[in-house]
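First up is the structure itself, then whatever we jot down about it.
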Amino acid sequence: MSLYDVPITKLSGIGEKRAALFRKLGIVSVGDMITYYPRSYDNWSAVTAVADIEPDTVCVVKAKVATPVNNIRISGGRTMAKLSVCDDTGYLNLVFFNNKYISSMLRYGETYLFMGRVAYDKYGYQMVSPEFNKLSDSAIITPIYHLTAGLNNHMMIRAAKESLSMLPREMRDPLPDDIRNRYELCDLSFALNNVHFPVDLNAMERARHRLIFEELLMLNLGMRLTKSKSNEQTAMHFTADHTAEFIKNLPFTLTGAQQRAVDDCVRDMRDKPSPMNRLIQGDVGSGKTAVCAAICYHTVKNGCQAAFMAPTEILARQHYETFQRMFAHTDVCVELLTGSMTAAEKRKTRARVESGEIDIVVGTHALVSESTVFAKLGCAITDEQHRFGVAQRARLAAKGEHPHVLVLSATPIPRTLGLIIYGDLDITIIDELPPGRTEVDTYLIGTDKRERALGFLKQQVEEGRQCYIVCPLVEEGEGADELLNANDYAAELMLGAFRDISVGILHGKMKPKDKENVMAQFAANEISVLVSTTVVEVGVDVKNATVMMIENAERFGLSTLHQLRGRVGRGQYKSYCILVSDNQGENTEQRLGVMCRTNNGFEIADMDLKLRGPGDFFGNRQHGLPQLSIADFSDADTLAQSQEAAEYILRISPDLSGEALRPLRAKIRKLFETTENSMN
Ligand code: ADP
Ligand code: MG
């Protein structure tokens, strides 16, 4: 029987009530507890002599209780316990609040390890509420778990210990012996025991390394196995190159990078036995739309239809309008198909798609609905693909007989991550912006400077420019008090500082029609300042907008901030991004500092991945990536090794059917259970 089938309530001291708290952490079974790895460790081995203590650092001292515990009542009905401890080099005061058990836990004359932050005041050195361990039973390295209200670290430690004791003596290691030997990985039993309760630092590192390796390997194999089959044959070889005649009629000359992207696609569609399966990655504003348009034209002139799917109504409409302009001088028929159209409109458009009368259809996910049938779909394009699941992309492609597939992404993805997520795609990177762009200047300010910043916005508006202000929330009550919501913010501006300026509001809860109206007004410069939530993040293109001001900037991931900033600096005017934040959290300053330092999306993506991990980077689920329990993508070496191992394994057993791979295969299936990419 698997420990995943043993409920957590089998552990001593865990009844229904406490089990509900464990469930909050995703721990339902004993098996879950075993794979609920510590987020970090306390290392009790580096002992500092009392005389060497530096104030304001966390340190461990090994000291004897030198005075009885003195319990004192302080204000508010609270209690304080004070005592002194000493080693050979000096005395240290300890203070605990509201813990009446201290006198029974710390015995006069006995020696303990204490860990805590040391402060220095007129009474000397002092540690407030240190952790402590009796010398005899103290593990040198103790695990620290992510907690939830009602569960403390001691409970987690107890649950982990008992769970590990239930592991069978003989375990089948999911990593085959040859892989383990080749990469010098410890065995599963050692790894599980030492990841929770390492015997020393080295054991901890070996345990973690092995588990990370294993998880990345499973991720690699799982993604490869769920990938669309790229060995399909395609009957559509577009031998005639029609892109040049289209490009020459554009109002601008393509950049070198754009032209390369076009050429890559043309070559794929002409030469490859299997359909094109390409990702074009380019920073915001790099001109991916024009590349797509050329490819659509090329597809149509080769006798097929093209579909262009965008993640939002606004964006679909904007692409549609761009296409209408670009195709105005051609005989190509471009139409729009979105969810917000009336049933009758949709029916009509679908009929014309099915009859082949429409050559290019631009739309939202309405395109992949069952009722959309193409006469001859030759190329399926999805824009801003990280918003779509792998499955949705596949669903659009399934509308044709193995059509060519093109995916656009404005989210620069670190190479390491790209290899996993887009392992089956050929990649073109557009690393050049159209000429005439100026870098956006970015500033980080506190709320005390907001007044001044708004003055700056006003000045820009007076010069004829437009501004965005982004707030994290739509309305009150959605989050913590200190967060600004777009509705109140807009109201305040309209009544106050911006009463002579036209202010608009845009958020995801508005009806699509209303959103479009507001966007249209902004595009026409009837609205000067647009207060919005992140719905402006994707794609919207207003060249006259020069300021992007972002409130509670600490709330957004770097990639989102970068996307938002990409809304300005799209025209000839000098543009600015103002990040407003009072948050002095651990990473905040570092993260927001990156924004001020660089406009390079790839650099920002790398940093984002390092600081926040892939989970926050963009919804894992949407990418078909499972939730990881220990690995991240910051360790490039382990990632590369696991990739190599995945290839090695697949060479030997392309579908993982080999007997030695059974346990691994089962584990991979479990890992991917929660994603839309379920294996079968
Ligand atoms: P993105 O890659 O973010 O989708 P777009 O396709 O929206 O970028 O292009 C951004 C803007 O740059 C558009 O207004 C487009 O007309 C313009 N543009 C695209 N390519 C060029 C070019 N080669 N020269 C000048 N302007 C261009
Ligand atoms: Mg775009």
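Just so you know, all these numbers are worked out from the coordinates, no wet-lab data involved. Note that the structure is a prediction, hence the values are computed from the model and not measured. Neighbour counts run over all protein chains shown; Cβ positions are idealised from the backbone, glycine included.
Relative to the longest principal axis of the C-alpha atoms of the chain, give the angle of the C-alpha long axis of helix 486-495, reported between 0 and 90° and rounded to the nearest 10°.
So the inclination is approximately 70 degrees.
Taking one equal scatterer on every alpha-carbon of the stretch 276-430, how large is log10 of I(q)/I(0) by Debye at q = 0.11, 0.12, 0.15 1/Å?
The Debye formula, applied to the Cα set alone, gives -0.38, -0.46, -0.72.
What's the extension gain from Gln590 to Asp637 if we count 0.36 nm per residue and subtract their Cα-Cα distance?
Details: separation 47, 0.36 × 47 = 16.92 nm, distance 2.46 nm.
Extra length from Gln590 to Asp637 when fully extended: 14.5 nm.
Hey, which lysines would be in cross-link range of Lys134, C-alpha to C-alpha under 27 Å, not counting anything within fewer than 8 residues on its own chain?
Counting by Cα, and skipping residues close in sequence, Lys134 has these lysines nearby: Lys62, Lys64, Lys82, Lys100, Lys161.
When the convex hull of the Cα atoms of the stretch 161-215 is projected onto a plane and the area is averaged over all directions, what value comes out in nm²? The partial results should precede the final answer.
Numbers: hull surface 15.1 nm².
Quarter of the Cα hull surface area: 3.8 nm².
Looking only at Cα atoms, what is the convex hull volume of the stretch 10-51 per residue, in Å³?
Hull volume normalised by residue count: 136 Å³.
So what J values fall out for the stretch 295-301 if you push phi through Karplus, 6.51 cos²θ - 1.76 cosθ + 1.60 with θ = phi - 60°, rounded to Hz, Gly and Pro as x?
5, 4, 4, 4, 5, 5, 5
Suppose we keep just the alpha-carbon trace of the stretch 101-254; what are its Rg and Dmax in angstrom?
Computed over the Cα atoms of the stretch 101-254, radius of gyration and Dmax are 28.3, 91 Å.
Would you mind ranking Met309, Met105, Met156 so that the residue whose beta carbon has the fewest other beta carbons within 10 Å leads the list? Could the numbers behind the result be given before it?
Working: Met309 27, Met105 13, Met156 22.
Fewest-to-most ranking of Met309, Met105, Met156: Met105, Met156, Met309.
Which of the trypsin sites (Lys or Arg not before Pro) found in the stretch 98-162 are in a DSSP loop and have at most 16 neighbouring Cβ atoms, other than their own, within 10 Å?
Values: sites: Lys100, Arg107, Arg117, Lys122, Lys134, Arg158, Lys161; in loops: Lys100, Arg107, Lys122.
Here the trypsin sites (Lys or Arg not before Pro) that fit, given the DSSP loop and packing criteria, are Lys100, Arg107, Lys122.
Dipole size in debye (nearest 20) for the stretch 226-362 around its Cα centre, Lys and Arg Cβ +1, Asp and Glu Cβ -1? Working shown, then result.
On the way: 17 positive and 16 negative charges, 51 e Å.
So the magnitude is around 240 debye.
Projected onto the charge dipole of the chain (+1 at Lys/Arg Cβ, -1 at Asp/Glu Cβ, origin at the Cα centre), which of Val580, Ala491, Leu254 gives the Cα projection farthest towards the positive end?
Among Val580, Ala491, Leu254, the one farthest towards the positive end of the dipole of the chain is Ala491.
As a test, work out the antiparallel percent of DSSP beta bridges whose residues both lie in the chain, rounded to the nearest 5. Before the final figure, lay out the partial values.
Working: 35 of 89 bridges.
If we restrict to bridges inside the chain, about 40 percent are antiparallel.
Helix 512-523: angle to the longest alpha-carbon principal axis of the chain, degrees 0 to 90, nearest 10?
For helix 512-523, the angle is close to 80 degrees.
So if I restrict to the alpha-carbon atoms in the chain, what is the Rg, and what is Dmax, the biggest pairwise distance, in Å?
Spelled out, the Cα radius of gyration and Dmax of the chain are 29.8, 94 Å.
Where nothing but the Cβ of Lys and Arg (+1) and of Asp and Glu (-1) is charged, how large is the charge dipole of the chain around its Cα centre, in debye to the nearest 20? Intermediate results must be reported in sequence, preceding the final value.
Numbers: 77 positive and 85 negative charges, 248 e Å.
My answer is approximately 1180 debye.
Can you give me the three principal axis dimensions of the stretch 45-134 from its C-alpha atoms, in Å, biggest first?
So the extents along the principal axes, rounded to whole Å, are 36, 26, 19.
Ignoring everything except DSSP H segments at least 4 long, calculate the 222 nm mean residue ellipticity for the chain; use -39,500 (n - 2.57) per segment, divide by total residues, nearest 500. Working shown, then result.
Numbers: 23 runs with 251 residues, N = 680.
About -11000 deg cm²/dmol.
Could you tell me what % of all Cα pairs in the stretch 441-598 have separations over 21 Å? Mind showing how you got there, number by number?
Values: 4919 of 12403 pairs.
For the stretch 441-598, the share of Cα pairs beyond 21 Å comes to 40 percent.
Among Val503, Gly363, Gly285, which residue has its Cα positioned farthest towards the positive end of the charge dipole of the chain, with +1 placed on the Cβ of Lys and Arg, -1 on the Cβ of Asp and Glu, and the dipole taken about the Cα centre?
Gly363
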